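Q: Got a structure here, written out as structure tokens. Questions coming.
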Amino acid sequence: MWSDPVAAKSRIGVLPDGLALPERLTGRELLTYTGLLRGMPKNEVVARADELLAVLELDRAHSTMVLDYSTGMRKKIGLAVALLHAPRLLVLDEPFEAVDPVSASTIRTILRRFVVAGGSVVFSSHVMALVEQLCDRVAVIANGRVRAAGTLADIRQGSSLEAVFVDLVGARVGGTEGLAWLAS
């Protein structure tokens with residue numbers, strides 16, 4: 001990483017939460033633009049864009065600008081941008097947020113295939129059930145500090161990850177007092 005940061009960055013795909021995308025492009029145009037910026041051959045960009053758009057079910061929105069995409073569609077096109085150049089590491093922030101269940105299943109399949117092929121995925125999520133489903137290793141971070149890190153089994157210690165998370169961050173679990181009017 002430190003000896004050749006440009007080469008290292010070329011091996012990373014990133015999907016940040018709240019990703020700002022060029023909105024006056026269609027999904028295909030965005031993928032083409034991104035691929036060409038990365039120096040990929042045009043025929044390779046076109047082939048991969050076609051495949052990504054089809055797999056992520058964005059091909060039917062071929063003339064729709066990203067500006068008019070739903071939040072879930074934006075997540076999917078952002079993931080397509082992160083995958084386009086075949087990185088070895090994916091860094092994903094809340095990749096399943098606002099994504100419908102069918103698309104979420106597709107994304108899980110893509111990520112599992114990516115890992116089986118030798119890639120690594122680092123992703124952040126507030127949905128502990130999803131983390132338990134997808135992750136081998138976990139880090140619990142609160143206030144910018146790692147509170148625990150290790151295998152999922154080591155962190156859970158026979159409990160649910162959500163219970164461990166709440167305990168580690170010292171959070172007060174709300175909803176136990178007040179709002180009595182909701183029960184009436």
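The values are calculated or read from the model by the stated rules, or taken from the named source; none is laboratory data. Just so it is clear, the model here is predicted, and its values are computed rather than measured. Every residue, glycine as well, gets a Cβ built from its backbone with ideal geometry; the counts of neighbours run over all protein chains shown. Remember, those area values only see protein heavy atoms, side chains included, never the ligands or the DNA or RNA. Shrake-Rupley method; radii C 1.70, N 1.55, O 1.52, S 1.80 Å.
Q: Which condition number in (1) open to solvent by less than 20 Å² (accessible area, probe 1.4 Å); (2) without any contact (Cβ under 8 Å) to a residue 24 or more places away in the chain is the one that Lys42 fails?
A: Of everything listed in (1) open to solvent by less than 20 Å² (accessible area, probe 1.4 Å); (2) without any contact (Cβ under 8 Å) to a residue 24 or more places away in the chain, Lys42 misses just condition (1).
Residue by residue, here is whether (1) out of contact with any Gly (no Cβ under 9 Å at 6 or more places or on another chain); (2) more than 25 Å from Leu31 (Cβ to Cβ); (3) surrounded by 17 or more Cβ atoms within 10 Å (Cβ to Cβ) holds:
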| position | (1), (2), (3) |
| --- | --- |
| Lys75 | yes, no, yes |
| Pro101 | yes, no, no |
| Gly150 | yes, yes, no |
| Arg156 | yes, yes, yes |
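Q: Name the pairs: first residue in region 130-141 and surrounded by fewer than 17 Cβ atoms within 10 Å (Cβ to Cβ), second residue among the basic types (Lys, Arg), Cβ to Cβ under 9 Å, at least 6 apart or on different chains?
A: Correct list of pairs: Glu132/Arg156; Gln133/Arg108; Ala139/Arg147; Ile141/Arg147.
Q: Give me the helices (runs of 4 or more DSSP H) completely within region 90-184, filtered to those with at least 1 residues that are of a type in the set (A, V, I, L, M) and under 25 Å from Ala20 (Cβ atoms), ordered by residue number.
A: Where helices (runs of 4 or more DSSP H) fall fully within region 90-184 and carry at least 1 residues being of a type in the set (A, V, I, L, M) and under 25 Å from Ala20 (Cβ atoms), they are 101-116, 128-134.
Q: Please work out which one of (1) over 21 Å from the mean Cα position of the chain (by Cα); (2) among the aliphatic types (A, V, I, L, M); (3) surrounded by 15 or more Cβ atoms within 10 Å (Cβ to Cβ) is the condition Ala7 fails and give its number.
A: (3)
Q: Moving on to the next point. Looking only at residues in region 27-70 that are assigned to a loop (DSSP other than H, G, I, E, B) and charged (D, E, K, R), which one is farthest from the chain's Cα centre (by Cα)?
A: So the residue we want is Arg38.
Q: Could you check region 48-72 and list, in sequence order, the residues that are open to solvent by 40 Å² or more (accessible area, probe 1.4 Å), over 23 Å from Lys9 (Cβ atoms) and touching a residue at least 24 places away in the same chain (Cβ under 8 Å)?
A: Val55, Glu57, His62, Ser63, Thr64, Met65, Leu67, Ser70, Thr71
The rows are residues; the columns are (1) of a type in the set (Phe, Trp, Tyr); (2) more than 21 Å from Ala7 (Cα to Cα).
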site	(1), (2)
Tyr33	yes, no
Asn43	no, yes
Tyr69	yes, yes
Arg74	no, yes
Ile77	no, yes
Leu84	no, no
Val122	no, no
Met128	no, yes
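Q: Among the listed residues Phe123, Phe96, identify the single one that is farther than 22 Å from Ala49 by Cα and surrounded by 15 or more Cβ atoms within 10 Å (Cβ to Cβ).
A: Phe123
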